[in-house]
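Trainee: Here you go, one structure.
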Amino acid sequence: MEFLQPATWEEALEARAASRDAVPIAGGTDVMVGINFGRLRPALLLDLTRVPELQQWGTDDGAVRLGAGVPYARVITELGDRLPGLAMAARTIGSPQIRNRGTVGGNLATASPAGDAHPALLAAGAEVEVASVRGTRRIPVADFYRGVKRSALADDELVAAVRIPPRTGPQQYSKIGTRNAMVIAVAAFGLALHPDRRAVGTGIGSAAPTPRRAPAAEEFLAGELDGLWESRAELPPATAARFGELVAGAAAPIDDVRGTARYRVHALSVMARRTLTWAWADYRKGDPACA
Amino acid sequence: MRLTCTVNGDRHEVDDVWEGESLLYVLRERMGLPGSKNACEQGECGSCTVYLDGVPVCACLVAAGQAQGREVGTVEGLAGPGELHPVQEAFLEAGAVQCGFCTPGLLVATDDLVRRSRAEGRRPADAEIREALAGNLCRCTGYEKILDAVRLAADRMAGEAR
Ligand SMILES: Cc1cc2nc3c(=O)[nH]c(=O)nc-3n(C[C@H](O)[C@H](O)[C@H](O)COP(=O)(O)OP(=O)(O)OC[C@H]3O[C@@H](n4cnc5c(N)ncnc54)[C@H](O)[C@@H]3O)c2cc1C
Ligand code: FES
Ligand code: FES
């Protein structure tokens with residue numbers, strides 16, 4: 001095995017292009033488990049932790065551009081106000097030790113249907129910025145997931161950053177597992193209200209081969225909220241319940257060791273209804289972002 | 001490959017490190033620092049918790065080469081030779097150690113929590129303690145004595161200079 005530690009982004013992209021079977025490593029919280037258990041024996045480990053650009057975030061063109069290598073702990077402490085949905089999701093990941101190392105870039109590249117960043121990124125309408133020596137492209141996050149643990153990343157590409165529109169309204173994240181810490185989601189749901197464009201964003205986790213949105217639920221709710229954005233009136237309970245049903249209807253779960261398909265569908269309808277109820281209550285209280 | 005890093009303030013250089021090796025393996029098997037424990041090798045138990053550049057991490061999930069040039073702090077470095085750190089004393093006094101396998105990781109995680117809250121001039125609330133230790137599993141104590149020990153350590157360290 002070889003170990004390469006590029007100091008610049010250009011060097012990292014060149015190394016990736018030169019060795020298509022290299023395995024990039026950021027926080028190592030997926031990669032090292034594979035190596036420790038003998039499931040992963042890459043010819044080359046490409047350590048990205050010394051590439052300064054990947055460890056930074058900034059704002060660009062109205063979006064937060066979050067470097068692929070920023071650990072969850074920093075998303076929580078530094079971006080909780082701008083990206084509350086992603087920060088809430090990050091809080092549910094692993095343990096403090098895992099959050100100190102694990103990154104959104106690693107979560108994306110692993111592309112597990114249970115990855116916790118995904119529902120929040122879907123709901124927020126994020127874009128994944130990927131790069132290679134051939135150039136840079138932006139992929140809407142909904143198009144990034146291509147199958148169970150498969151993504152749109154080509155074998156000479158690296159994730160550079162995720163571009164996430166900062167919140168303009170309340171966001172929520174809900175995850176079901178056997179306990180609070182250190183669990184892979186049985187099912188998860190991310191919600192973002194976008195009062196600026198009178199729209200609703202959703203993200204479903206652990207209940208389909210890939211993370212996915214619930215477009216019918218988004219459209220339904222945006223229609224129901226027509227007029228309510230201004231009046232901030234109460235949301236009829238039937239609307240929240242119907243939203244929950246439509247979210248559950250977008251899922252395509254399986255039975256596995258963590259839960260049954262039936263349970264997942266039910267859990268999603270409950271999580272969608274609850275997160276909407278919480279988010280709308282926040283909005284009614286005059287959530288600042290909707291001015 | 002060769003790995004050079006600082007561990008508990010001392011510069012260490014080791015040769016013939018396998019590229020896929022974890023920092024935990026290097027510490028235990030190559031540097032003679034077996035304090036950090038290996039129980040799961042998958043980030044679940046926290047018994048391998050060390051500081052990497054001042055941040056608590058699972059040493060089993062850090063590739064050896066990722067520690068190149070970095071500062072590592074292990075349980076062996078908490079107190080001077082023959083001495084006990086206030087967190088270690090508190091664990092002993094509270095009866096928070098049974099088989100002791102989880103203890104090194106818990107000591108590092110506790111030290112981090114107590115330092116952070118002390119820097120903010122306060123003591124950690126119980127909910128915070130539970131959250132901070134959520135990545136450290138103990139199969140013996142049932143955690144109550146561990147919580148006692150953390151509160152005791154926080155009380156004692158609150159009085160010390162920062
Ligand atoms: C104990 C434990 C608990 C966990 N709990 C959760 C949880 O609750 N929720 C959850 O979602 N996940 C969880 N995980 C999984 C893991 O922590 C996350 O997927 C994390 O986001 C991975 O990030 P990383 O930086 O550690 O990735 P790494 O392990 O470094 O890499 C992961 C994958 O991404 C690739 N990669 C990394 N960076 C890039 C890049 N910039 N460009 C291209 N490819 C790249 C790697 O080659 C690898 O295939 C847990 C893991 C452990 C060990
Ligand atoms: S040995 Fe590292 S977390 Fe268990
Ligand atoms: S004292 Fe035995 S595992 Fe904690």
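Trainee: Please report the relative contact order for segment A:1-46, taking Cα pairs under 8 Å with a sequence separation of at least 6, and give it as a percent rounded to a whole number.
Mentor: Averaging sequence separation for qualifying contacts and normalising by length gives 59 percent for segment A:1-46.
Trainee: Could I have the simple spin-label model distance between A:Ala154 and A:Ala18, label points 7 Å from Cα toward Cβ, reported in nm to one decimal?
Mentor: Between A:Ala154 and A:Ala18, the simple spin-label model gives 2.0 nm.
Trainee: Under a 1.4 Å probe, what is the accessible area of segment A:1-46 per residue, stated in Å²?
Mentor: Averaged over the residues of segment A:1-46, the accessible area is 46 Å².
Trainee: Along the three principal axes, how long is segment B:3-77 when you take its alpha carbons, biggest first, rounded to the nearest angstrom?
Mentor: Sorted from largest, the Cα extents of segment B:3-77 read 28, 24, 19 Å.
Trainee: Taking the C-alpha atoms of segment A:138-207, how large are the radius of gyration and the largest Cα-Cα span, Dmax, in Å?
Mentor: Gyration radius and largest Cα-Cα distance of segment A:138-207: 14.8, 39 Å.
Trainee: Aspartates and glutamates within cross-link reach of A:Lys285: Cα-Cα under 16 Å, excluding same-chain residues under 8 positions apart?
Mentor: A:Glu230, A:Glu234
Trainee: Show which lysines lie in cross-link reach of B:Lys37 when reach means a straight Cα distance below 25 angstrom and same-chain residues fewer than eight apart are skipped.
Mentor: Answer for B:Lys37, where 25 Å is the Cα cut-off: B:Lys145, listed by chain and number.
Trainee: Using all C-alpha to C-alpha distances in segment B:86-160, build P(r) with 10 Å bins and read off the rounded percent in each one.
Mentor: In whole percents, the pair-distance histogram is 22, 60, 17, 1.
Trainee: Something else: Counting Lys and Arg as +1 and Asp and Glu as -1, each charge on the Cβ, what is the dipole of chain A about the Cα centre in debye, to the nearest 20?
Mentor: The dipole magnitude comes to about 820 debye.
Trainee: Counting only protein heavy atoms, what percent of the accessible surface of the protein assembly as shown is carbon or sulfur at a 1.4 Å probe?
Mentor: The value for the protein assembly as shown is 49 percent carbon and sulfur by accessible area.
Trainee: Straight-line reach from A:Lys175: which lysines have Cα under 24 Å away, leaving out those fewer than 8 places along the same chain?
Mentor: Reachable lysines: A:Lys149.
Trainee: How big is the dipole moment of segment A:1-46 about its Cα centre under a simple scheme where the beta carbon of each Lys and Arg is +1, that of each Asp and Glu is -1, and everything else is neutral? Debye, nearest 20, please.
Mentor: It works out to roughly 240 debye.
Trainee: Tell me, what is the per residue accessible area of segment B:86-160 in Å², probe radius 1.4 Å?
Mentor: Normalised by residue count, the accessible surface of segment B:86-160 is 47 Å².
Trainee: Same structure again: For chain B, what log10 I(q)/I(0) values come out of the Debye formula at q = 0.16, 0.17, 0.19 1/Å, with one point per alpha carbon and no solvent?
Mentor: -0.87, -0.97, -1.17
Trainee: Return the FRET efficiency for the residue pair B:Ala158, B:Cys40: r is the Cβ-Cβ distance, R0 is 30 Å, and the value is rounded to the nearest 0.05.
Mentor: 0.35
Trainee: Starting from the Kirkwood radius over alpha-carbon pairs of the protein assembly as shown, derive D by Stokes-Einstein at 25 °C in a medium of 0.890 mPa s and give it in µm² s⁻¹.
Mentor: The estimated diffusion coefficient comes to 106 µm²/s.
Trainee: Next up: Cα-based Rg of segment A:1-46 per 2.2 N^0.38 Å, rounded to two decimals?
Mentor: 1.13
Trainee: Using only protein heavy atoms and a 1.4 Å probe, how much accessible area in total is buried between A and B, to the nearest 100 Å²?
Mentor: Summed over both sides, the interface buries about 2300 Å².
Trainee: Give the span of segment A:171-283's Cα atoms along each principal axis, as three whole-Å numbers ordered largest to smallest.
Mentor: Ordered largest first, segment A:171-283 gives principal extents of 45, 26, 23 Å.
Trainee: Still on this structure: If you bin every alpha carbon distance in segment A:178-228 into 10 Å steps from zero, what whole percent lands in each bin?
Mentor: All Cα pairs, binned at 10 Å, distribute as 23, 41, 25, 11, 0 percent.
Trainee: Would you be so kind as to identify which of A:Thr77, A:Gly135, A:His194 lies farthest towards the positive end of the dipole of the protein assembly as shown, taking Lys and Arg as +1 and Asp and Glu as -1 on Cβ and the Cα centre as origin?
Mentor: The listed residue farthest towards the positive side: A:His194.
Trainee: Still on this structure, I have one more. Using a 7 Å offset from the Cα along the Cα-to-Cβ direction at both A:Arg232 and B:Glu71, what is the distance between the two label points in nm, to one decimal?
Mentor: Here the answer is 4.8 nm between the modelled labels.
The values are calculated or read from the model by the stated rules, or taken from the named source; none is laboratory data. Since the structure is predicted, the reported quantities are computational estimates derived from the model, not experimental observations. All Cβ positions, glycine included, derive from the backbone under ideal geometry; neighbour counts span all protein chains shown. These accessible areas exclude ligands, DNA and RNA; they are computed on the full protein's heavy atoms, side chains included. Shrake-Rupley method; radii C 1.70, N 1.55, O 1.52, S 1.80 Å.
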